[in-house]
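> Here it is, the structure, as structure tokens.
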Amino acid sequence: MSARSYEVRTYGCQMNVHDSERLSGLLEDAGYVRAGAGEEADVVVFNTCAVRENADNRLYGNLGHLAPKKARRPGMQIAVGGCLAQKDRDTIVAKAPWVDVVFGTHNIGSLPVLLERARVREEAQVEILESLDVFPSTLPTRRESAYAAWVSISVGCNNTCTFCIVPALRGKEKDRRPGDVLAEIEALVGEGVIEVTLLGQNVNAYGSDMGDREAFSKLLRACGEIKGLERVRFTSPHPRDFTDDVIAAMAETPNVMHQLHMPLQSGSDDVLRAMRRSYRQDRYLGIIERVREAMPDAAISTDIIVGFPGETDADFEQTLHVVREARFANAFTFQYSKRPGTPAATMDGQIPKAVVQERYERLVALQDEISWDENKKQIGRTLEVLVAEGEGRKDEATARLSGRAPDNRLVHFRRPADEIRPGDVATVAITYAAPHHLLAEAPPTAVRRTPAGDVWAKRNNAPAATPGVLLGMPKVGAPAPEPTPATGGCHAN
């Protein structure tokens, strides 16, 4: 009997992407094989997100498409996990009785057992735990990228933002021991990884359940001692917990990149108060100022919500003011949508769609102008680019490659005559800037082969780059779109 095949379809934030790597690893550890392109899988797993208003409609639509396929294929199984499963529980099986397994955010390690139990008993298995069963990073993993990896340092969140349902679904913050985090990073480096992104729902609150307010900055400095680890990033921090010791650690640790994603959400103190955010405009801009004092070359990005209930024209102008002052390299901008189960969903003062759309377009236009101006400052600079796989949609047609600069800007460059692989590092001179990418019109002046490139070549048995995984954003199952300023996602902080 041949091995059963699987497919994992992932929606939502980085935490879900990371969880899907674990789900794939668990299934392969249990003897399943990944379904090939165009192949109908024996097991389809949906790793869901609950932060958008229509998240459930999207799920049930996808489940509906699979129902006739399952009816034609005895033995096919469908599993639903993630935040929407944690929230809706038995509702999923009631609305889609052809689903075999429903599991939550706290027990992803149970998936293989639940699938087998559903097969033997011939009935749906629903298992939702209220607290974490096993820390996900202890589970088997199928990483997509040879050169970049997520490393989860905490799960859950202790904040109570009125627009966010994540704490209710992911639970209170739980931190991993620093030694366990560092051991995982060292093991990844031993496998060829040269870039890691430390991941947490509120990553810089790390240490809160250990009683050490400087645990995160200490962790960053400890990453600097790991030989072979070239780039360290983290996401997403919260302004409330962003302290000067973290800024110092970023500035003084050579392999911690001068790139910061600092969610703003709104520039209005009144809206921040309604959002239950624990900082105000002055505090936020003060953080940006201190980061730039310590790291003048830092690229800072953010998240902004437009049209939060009660937002006035004057409130929105305050957001535009912060955008002008902060001069973000880029911003993930969102039109407010109701998240079922959040306090904001029932607040008075819901903003008409047309008003939200008009404000949103003004914000995007302003940010695009600033992003372009900031990118133009990179023209003439020589940058070390970590060659990526699948970052440039036009790479094949334009005979170029793509990758990320140390500050995480996307760089396209001409393919050199010599072999170059994802995971290698190319030195390029920037000659052109667009709002969302940089271009080096000449081939690299130097190429450094890395252990990550060696691993990629061994995996693929081919020297040329092919479309696949976003740098630092491994894709699992169905393809995910490249992030743009208009995308959704969690970005809860």
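> Of these, N408, N461, which one is on the phi > 0 side of the Ramachandran plot, at pLDDT 95 or above and either polar (S, T, N, Q) or surrounded by fewer than 16 Cβ atoms within 10 Å (Cβ to Cβ) (or both)?
Numbers: N461 fails: at pLDDT 95 or above.
None of the other options fit; the residue is N408.
> Moving on. Write out, first by first residue and then by second, each pair whose Cβ atoms fall under 6 Å of each other, whose residues are 6+ apart or on separate chains, and whose first residue, in region 444-460, is outside any strand (DSSP E or B) while the second is of a type in the set (F, W, Y).
A452/Y147
> Taking G267, is it touching a His at 6+ places or on another chain (Cβ under 9 Å) and open to solvent by less than 10 Å² (accessible area, probe 1.4 Å)? Please lay out each step first, then the result.
Details: touching a His at 6+ places or on another chain (Cβ under 9 Å): yes; open to solvent by less than 10 Å² (accessible area, probe 1.4 Å): yes.
In short, yes.
Okay, residues lined up against (1) farther than 30 Å from T450 by Cα; (2) open to solvent by less than 10 Å² (accessible area, probe 1.4 Å):
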position: A168; (1), (2): yes, no
position: R177; (1), (2): no, no
position: E186; (1), (2): no, no
position: Q201; (1), (2): yes, no
position: G207; (1), (2): yes, yes
position: D212; (1), (2): yes, no
position: G224; (1), (2): no, no
position: G228; (1), (2): no, no
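> So which residues in region 416-431 are under 28 Å from the mean Cα position of the chain (by Cα) and part of a loop (DSSP other than H, G, I, E, B)?
We begin by selecting, within region 416-431, every residue under 28 Å from the mean Cα position of the chain (by Cα); these are 420-428, 430.
Correct list: I420, R421, P422, G423, D424, I430.
> I'm checking my understanding of the structure. Among residues of region 413-443 that are among the aliphatic types (A, V, I, L, M) and farther than 21 Å from G390 by Cβ, which one is most open to solvent (accessible area, probe 1.4 Å)?
Restricting attention to region 413-443, the residues satisfying the condition of being among the aliphatic types (A, V, I, L, M) are 417, 420, 425-426, 428-430, 433-434, 438-440, 442.
Imposing the further condition that a residue be farther than 21 Å from G390 by Cβ reduces the set to 417, 429-430, 433, 442.
Working: A417: 110, A429: 45, I430: 4, A433: 5, A442: 54 Å².
Only one residue tops the list, namely A417.
> Checking the structure you have, find out if any residue of region 437-450 is in contact with an Asp or Glu (Cβ under 7 Å, 6 or more places away or on another chain), closer than 23 Å to T141 by Cα and at pLDDT 50 or above. Don't jump to the end; show me each part of the working.
Going residue by residue through region 437-450, those that are in contact with an Asp or Glu (Cβ under 7 Å, 6 or more places away or on another chain) are 447-450.
Next cut, closer than 23 Å to T141 by Cα only: 450.
Now drop any that are not at pLDDT 50 or above, which leaves 450.
Yes, there is a match, as at least one residue in region 437-450 is in contact with an Asp or Glu (Cβ under 7 Å, 6 or more places away or on another chain), closer than 23 Å to T141 by Cα and at pLDDT 50 or above.
> Find all pairs meeting these conditions: Cβ atoms under 6 angstrom apart; at least six residues apart or on different chains; first residue within region 394-405 and in contact (Cβ under 8 Å) with a residue 24 or more places away in the chain; second residue open to solvent by 70 Å² or more (accessible area, probe 1.4 Å) and part of a strand (DSSP E or B).
Final answer for the pair search is none.
> Within region 291-402, which helices (runs of 4 or more DSSP H) (wholly inside it) include 3 or more residues that are buried (at least 19 other Cβ atoms within 10 Å of the Cβ)? Can you show your working first?
On the way: elements: 313-326, 353-376, 395-398.
Helices (runs of 4 or more DSSP H) meeting the threshold: 313-326, 353-376.
> Also, I was wondering about something else. Here is a list: L59, L129. Which entry is at pLDDT below 85, of a type outside the set (G, A, S) and closer than 28 Å to A344 by Cα? Outline the logic, then answer.
Numbers: L59 fails: at pLDDT below 85.
Answer to the check: L129.
> Sort through G64, G75, G81 and tell me the only one that's over 21 Å from the mean Cα position of the chain (by Cα) and more than 19 Å from R4 (Cα to Cα).
Numbers: G75 fails: more than 19 Å from R4 (Cα to Cα); G81 fails: over 21 Å from the mean Cα position of the chain (by Cα).
Going through G64, G75, G81 in turn, just one is over 21 Å from the mean Cα position of the chain (by Cα) and more than 19 Å from R4 (Cα to Cα): G64.
> Could you please find all residues in region 98-129 being in contact with an Asp or Glu (Cβ under 9 Å, 6 or more places away or on another chain), open to solvent by 10 Å² or more (accessible area, probe 1.4 Å) and assigned to a strand (DSSP E or B)?
Within region 98-129, Q125, V126 meet the criteria.
> In region 156-193, which residues are modelled with pLDDT under 90 and polar (S, T, N, Q)?
Answer for region 156-193, where residues must be modelled with pLDDT under 90 and polar (S, T, N, Q): N158, N159, T160.
> How many residues are touching a residue at least 40 places away in the same chain (Cβ under 8 Å) and assigned to a helix (DSSP H, G or I) when one looks only at region 241-275? Steps first, please.
Restricting attention to region 241-275, the residues satisfying the condition of being touching a residue at least 40 places away in the same chain (Cβ under 8 Å) are 242, 244, 246-248, 250-251, 257-271, 274-275.
Within this subset, residues satisfying the condition of being assigned to a helix (DSSP H, G or I) are 244, 246-248, 250-251, 269-271, 274-275.
Summing the residues that are touching a residue at least 40 places away in the same chain (Cβ under 8 Å) and assigned to a helix (DSSP H, G or I) in region 241-275 gives 11.
The values are calculated or read from the model by the stated rules, or taken from the named source; none is laboratory data. Note that this is a predicted model, so its numbers are computed, not measured. Every residue, glycine among them, receives a Cβ derived from its backbone with ideal geometry; neighbour counts consider all protein chains shown. For the accessible areas, the whole protein counts, side chains as well, though only heavy atoms, and no ligand, DNA or RNA atoms are used. Shrake-Rupley method; radii C 1.70, N 1.55, O 1.52, S 1.80 Å.
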